[in-house]
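Heads up, the thing below is written out as structure tokens.
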Amino acid sequence: MTPFLDTNVLVYAALSDDPRCPIAERVLTAGGTISVQVLNEFANVARTKLKWPWSDIEAMLALVRGRSSRVQQIAVSTHESALELARDHGVGFYDALIVAAALEAGCDTVLTEDMQHGRKFGALTIVNPFIESAP
């Protein structure tokens with residue numbers, strides 16, 4: 001199965017001076033599933049925090065979409081599942097939305113540093129690919 005990539009993978013792949021960049025680039029090159037939420041969050045971070053021009057943001061998003069095996073839509077069912085996950089598992093809503101999208105896409109892992117490494121949500125496991133390179 002393909003992994004689900006969280007927004008931080010995209011952000012670190014874009015930061016050549018960050019020690020996590022090489023890992024993020026390898027993960028992104030290998031491909032995986034993302035969601036529209038991940039695309040939206042990256043656009044927001046790139047514009048507000050990284051101060052990228054829109055043309056660079058659009059180019060990066062096109063690259064990401066091209067390397068992704070699937071872009072999972074966010075439907076009302078995803079939203080409802082995320083509410084249940086947030087309530088029942090004590091995770092933040094946007095993290096729960098990532099988990100819900102990954103589950104709907106049939107992924108077995110979420111690659112992220114934003115949730116507890118090794119945590120399981122049914123058959124889905126959270127994996128932090130940056131553990132060895134964390135600053």
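What follows draws every value from the coordinates through simple rules; no lab data is involved. Here the structure is a predicted model, which means the values were calculated and not measured. Cβ: placed from backbone, ideal geometry, glycine included. Neighbour counts: every protein chain shown.
Descriptive notes on the structure:
- Identity of the residue in the stretch 25-39, in contact with a Lys or Arg (Cβ under 8 Å, 6 or more places away or on another chain) and surrounded by fewer than 21 Cβ atoms within 10 Å (Cβ to Cβ), that ends up nearest to Arg70 (Cα to Cα): Gly31
- Failed condition for Tyr94, given (1) touching a strand residue (DSSP E or B) at 6+ places or on another chain (Cβ under 9 Å); (2) touching a residue at least 24 places away in the same chain (Cβ under 8 Å): (1)
- Count of residues meeting criterion [surrounded by 14 or more Cβ atoms within 10 Å (Cβ to Cβ) and in contact with a strand residue (DSSP E or B) (Cβ under 8 Å, 6 or more places away or on another chain)] in the stretch 40-68: 2
- The residues of the stretch 1-24 that are in contact with a helix residue (DSSP H, G or I) (Cβ under 6 Å, 6 or more places away or on another chain), closer than 16 Å to Arg70 by Cβ and not in a helix (DSSP H, G or I), listed by number, are Phe4, Asp6.
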